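Data block below; observations after.
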Amino acid sequence: MSQDRHEARKTRSARIRYKIRQFAGTRLRLSVFRSAKHIYAQIIDDAQGITLVSASTLEVEVREQIKNGGNKDAAAHVGKRLAEKAKAANVGSVVFDRSGYLYHGRIKTLADAAREGGLDF
């Protein structure tokens with residue numbers, strides 16, 4: 001059976017999430033979602049099932065600094081904003097969940113910006 005690219009990404013995402021649950025233990029998860037126009041990131045506590053911190057290109061603070069929400073510059077701003085919010089919430093160490101996307105382009109830029117902001121993963 002052939003899968004379209006969205007179903008294939010969901011399959012990869014499930015495989016990645018399974019490995020994260022196995023090896024990460026009690027660490028929080030930094031999950032990323034990207035669309036053509038925007039990028040979203042959130043830090044999730046899977047044990048309690050709650051989102052602790054989130055950031056996206058839809059936020060007013062980020063939108064004022066970017067021209068387009070679907071490029072590397074926007075991803076860098078979202079990563080920095082997420083790291084700032086995580087510091088305020090006393091979150092220092094997370095495990096990175098790329099949600100089936102390749103670690104390239106906007107996903108890599110967001111991760112690098114979050115690391116520069118102080119998140120450890």
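Restricting region 86-107 to residues that are surrounded by fewer than 16 Cβ atoms within 10 Å (Cβ to Cβ) and not in a loop (DSSP other than H, G, I, E, B), the residue that is modelled with the lowest pLDDT is S93. Quick check: anything in region 34-41 surrounded by 15 or more Cβ atoms within 10 Å (Cβ to Cβ), among the basic types (K, R) and part of a helix (DSSP H, G or I)? The answer is no; no qualifying residue exists.
Considering each residue of region 55-73, count those that are among the aliphatic types (A, V, I, L, M) and in a loop (DSSP other than H, G, I, E, B), and give that number.
Taking region 55-73 and keeping what is among the aliphatic types (A, V, I, L, M), we get 55, 58, 60, 62, 66.
Cutting the leftovers down to in a loop (DSSP other than H, G, I, E, B) gives us 58, 66.
Residues that pass the stated criteria total 2.
If we keep just the residues of region 1-28 that are polar (S, T, N, Q) and without any contact (Cβ under 8 Å) to a residue 24 or more places away in the chain, which is farthest from I43 (Cα to Cα)?
Step one: list which residues in region 1-28 are polar (S, T, N, Q), which gives 2-3, 11, 13, 22, 26.
With without any contact (Cβ under 8 Å) to a residue 24 or more places away in the chain added as a condition, the list becomes 2-3, 22, 26.
On the way: S2: 33, Q3: 29, Q22: 18, T26: 13 Å.
The qualifying residue farthest from I43 (Cα to Cα) is S2.
Cβ-Cβ distances below 9 Å connect the following pairs, each with a first residue in region 74-100 that is on the phi > 0 side of the Ramachandran plot, a second residue that is part of a strand (DSSP E or B), and a separation of six or more residues or different chains: S99/S31; S99/V32; S99/F33; S99/R34. Within region 67-82, take every residue that is crowded, with 24+ Cβ neighbours inside 10 Å and hydrophobic (A, V, I, L, M, F, W, C) and give me the one that is farthest from D120 (Cα to Cα). Looking at the filtered set, the residue picked out is A74. Set side by side, the residues L30, L82, L52 differ, and just one is modelled with pLDDT of 95 or more, in a helix (DSSP H, G or I), within 21 Å of E116 (Cα to Cα) and within 15 Å of the chain's Cα centre (by Cα), which is L82. R15 - would you say it is surrounded by 17 or more Cβ atoms within 10 Å (Cβ to Cβ), among the charged types (D, E, K, R) and closer than 20 Å to K108 by Cβ? Against the criterion (surrounded by 17 or more Cβ atoms within 10 Å (Cβ to Cβ), among the charged types (D, E, K, R) and closer than 20 Å to K108 by Cβ), R15 does not qualify.
The values are calculated or read from the model by the stated rules, or taken from the named source; none is laboratory data. All of these numbers come straight from a predicted model, not from anything done at the bench. Glycine also receives a Cβ, built like all others from the backbone with ideal geometry; neighbour counts cover every protein chain displayed.
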